[in-house]
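Undergrad: Sharing a structure below in structure tokens format, with a few things to ask.
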Amino acid sequence: MFQMSSRINTLLLAALVAASSVRAQTNPLWHEEKVKNFLPHMTWPEVQDLLTRTDMVIIPVASLEEHGPQAPIGTDFLSGVEEAKLIAQKTDVLVAPILLPGISPYHMEFPGTITISHDTAQRVYFEAVQSLIHHGFRRILFVNAHTGNQYLTAYVADRINQETPAIALELHTATQGGQAGGPSTRATPLPFDRHAGVGETSSAMYLIPSLVDLSKAGKNDLTLPDHLNRALPQVNLGDRVASQVFLAEALKPKDTGKHTSTREMTATGVWSERDTREATAGRGRAATDSFVNAAVAFIEKWKAIRPLAPLAERQQR
Ligand SMILES: [Zn+2]
């Protein structure tokens, strides 16, 4: 009896040792699945093969910055990459993330935010695009995931258009039919809801659900400079002029003296009048689907208008 149980114990021990050594051979934190057309997951032969089918590459333009107490610092980077992956699954183009941080100086009073200069960022994106052009990519579709990057993205796109054989544009702007730059007037005001608000938190709940903790969300108060506070009702009605001048002045670093850094305008880091607990994954999914579908339709039409040139013409070796 004693002998038998000791043998069973020995066998059990051997099995446990074997199991744990199998586990120890791969990283227990790694849970990513290989995603089609996502450059960091691909091998070079897969990129070479993709180049025979497309010359298009989506580049998310990201940021690393506070997103309130409920959403992660990486919200814009991660969400932009996820949107780009969803588009690429439907229309067979490359997704190439280049940078994590972006233009976020006005969030610097919240710990964790990282900001870089326009000049540094534009150089990195431009030089990365030069590499992609070298390999045969010719159409660059930026997906700007952070409003603070809008002029950076426009500048890099124009540099590409003026200085290289490639063509570049920004997909949110492109899919709005050239009507970017302001909402249209409405009869009933919509409550103000922008950075890390109900809209953005909803998108994060759909795109990166395990990283959003809605139990940390709550009511938000705006502490705007007086003249911006007076303009807010017109902004909420979608008045174009009020919205343009409001957004041009708001979200600027503390040392500009404008009193519009995020921390000066909100204690939580959520630039919204709404209670962020109203965010839902369903709302995020609807917003994401609408952008993804518009982007796919745009890309398909561009492919039809300008068919792919042979790879030999695009790759000079
Ligand atoms: Zn964001």
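Undergrad: For each pair in LYS34/LYS90; LYS85/LYS301; LYS36/LYS303; LYS85/LYS216, compute the distance between the two Cα atoms and list the pairs where it is over 22 Å. All intermediate terms of the calculation are to be shown ahead of the outcome.
TA: Values: LYS34/LYS90 16 Å; LYS85/LYS301 19 Å; LYS36/LYS303 20 Å; LYS85/LYS216 28 Å.
From LYS34/LYS90; LYS85/LYS301; LYS36/LYS303; LYS85/LYS216, over 22 Å: LYS85/LYS216.
Undergrad: Determine the calculated [θ] at 222 nm for the chain from helices alone, applying -39500 (n - 2.57) to every DSSP H run no shorter than 4 residues and normalising by the residue count; nearest 500 deg cm²/dmol.
TA: Numbers: 12 runs with 148 residues, N = 317.
That comes out to -14500 deg cm²/dmol.
Undergrad: Turning to a different aspect of this structure: Based on Cβ point charges of +1 for Lys and Arg and -1 for Asp and Glu, what charge dipole magnitude is obtained for the chain about its Cα centre, in debye rounded to the nearest 20?
TA: Details: 30 positive and 32 negative charges, 131 e Å.
The dipole magnitude comes to about 640 debye.
Undergrad: Would you mind checking which residues have amide H under 5 Å from ILE167's amide H? H placed 1.01 Å from N; only 5 or more apart, or other chain.
TA: ARG139, ILE140
Undergrad: Further question: Which whole-Hz ³J(HN,Hα) couplings does the stretch 145-160 yield from phi under the Karplus relation 6.51 cos²θ - 1.76 cosθ + 1.60, θ = phi - 60°, glycine and proline marked x?
TA: With the stated coefficients, the stretch 145-160 comes to 9, 8, 3, x, 9, 5, 7, 4, 4, 4, 5, 4, 4, 5, 4, 4 Hz.
Undergrad: I would also like to ask the following. Can you sort TYR106, TYR151, TYR206 by how many other beta carbons sit within 10 Å, fewest first? List each step's numbers first, then the result.
TA: Values: TYR106 25, TYR151 12, TYR206 21.
Ranked by crowding around the Cβ, least crowded first: TYR151, TYR206, TYR106.
Undergrad: Excluding same-chain residues fewer than 8 positions from LYS254, which lysines have a Cα within less than 25 Å of its Cα?
TA: LYS219
Undergrad: Looking at the chain as a GNM with Cα springs under 10 Å, which of VAL81, VAL47, VAL57 has the largest mean-square fluctuation?
TA: Residue with maximal mean-square fluctuation among VAL81, VAL47, VAL57: VAL47.
Undergrad: Just how far, in whole angstrom, is the stretch 115-138 from the stretch 269-317 if you go by their alpha carbon centroids?
TA: Taking the Cα centre of the stretch 115-138 as reference, the centre of the stretch 269-317 is 20 Å away.
Undergrad: Using Cα pairs closer than 8 Å and at least 6 residues apart in sequence, work out the relative contact order for the chain, in percent. List each step's numbers first, then the result.
TA: On the way: 525 pairs, mean separation 64.3, N = 317.
Relative contact order of the chain: 20 percent.
Undergrad: Still on this structure, I have one more. Express the relative contact order of the stretch 106-192 as a whole percentage, based on alpha carbon pairs under 8 Å and six or more residues apart in sequence. Present the calculation step by step, with values, prior to reporting the outcome.
TA: Values: 61 pairs, mean separation 21.5, N = 87.
Relative contact order of the stretch 106-192: 25 percent.
Undergrad: Provide ARG186, ARG285 in ascending order of the number of other Cβ atoms located within 10 Å of each residue's Cβ, fewest first. Can you show the working numbers first?
TA: On the way: ARG186 11, ARG285 15.
Ordered from fewest to most neighbouring Cβ atoms within 10 Å, ARG186, ARG285 come out as ARG186, ARG285.
Undergrad: Tell me whether the chain comes out rounded, prolate or oblate; compute the Cα gyration tensor, take square roots of the eigenvalues as a ≥ b ≥ c, and use a/c under 1.5 as the rounded threshold.
TA: Oblate.
Every read-out reported here was derived from the displayed coordinates using simple, explicitly stated rules and does not represent laboratory data. Treat the numbers as computed from the prediction; the structure is a model and nothing was measured. Ideal geometry is used to build each Cβ from the backbone, glycine not excepted, and the neighbour counts take in all protein chains shown.
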